[in-house]
Amino acid sequence: MAILTLDHVVKRFGDFTAVSRMSFEVMRGEIFGLLGPNGAGKTTLLRALSGLLPRTGQVRFAGQDISAASPRETVRAGLVHVVEGHRVFTQLSVYDNLLLA
């Protein structure tokens, strides 16, 4: 069963398209990563999924359609953002770094 489904998610800033028709599924128990160069739209997509930015397209999280009125707390609780190596605080534990993410 898919825990997260995106269907043609788009995020634009004026004439600039940051995320273009993104579609994929993440299955329950699966570890999924977004990889790409700076400016590829990774952070923008995460912000749009968590409700911090408006977006178009259909998104289902834990079986719930969050395309219209997004329950931000539900989505944010299920997303984990692991930062690049140079942003990890080496004096903190892995757990503490994840809490800051």
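The values are calculated or read from the model by the stated rules, or taken from the named source; none is laboratory data. These figures come from a predicted structure and were not determined experimentally. Cβ placement follows ideal geometry from the backbone for every residue including glycine, while neighbour counts extend to all protein chains displayed. Side chains are part of the model used for accessible areas, which takes the heavy atoms of the whole protein and leaves out ligands, DNA and RNA. Shrake-Rupley method; radii C 1.70, N 1.55, O 1.52, S 1.80 Å.
A count restricted to region 5-63 and to residues that are in contact (Cβ under 8 Å) with a residue 40 or more places away in the chain, hydroxyl-bearing (Ser, Thr, Tyr) and either open to solvent by less than 60 Å² (accessible area, probe 1.4 Å) or in contact with a Phe, Trp or Tyr (Cβ under 8 Å, 6 or more places away or on another chain) (or both) stands at 1.
Among the listed residues 26, 19, identify the single one that is closer than 12 Å to residue 4 by Cα, in a strand (DSSP E or B), at pLDDT 75 or above and among the aliphatic types (A, V, I, L, M).
26
In the set (1) among the small types (Gly, Ala, Ser); (2) buried (at least 16 other Cβ atoms within 10 Å of the Cβ); (3) within 15 Å of residue 66 (Cα to Cα), the condition left unmet by residue 2 is number (2).
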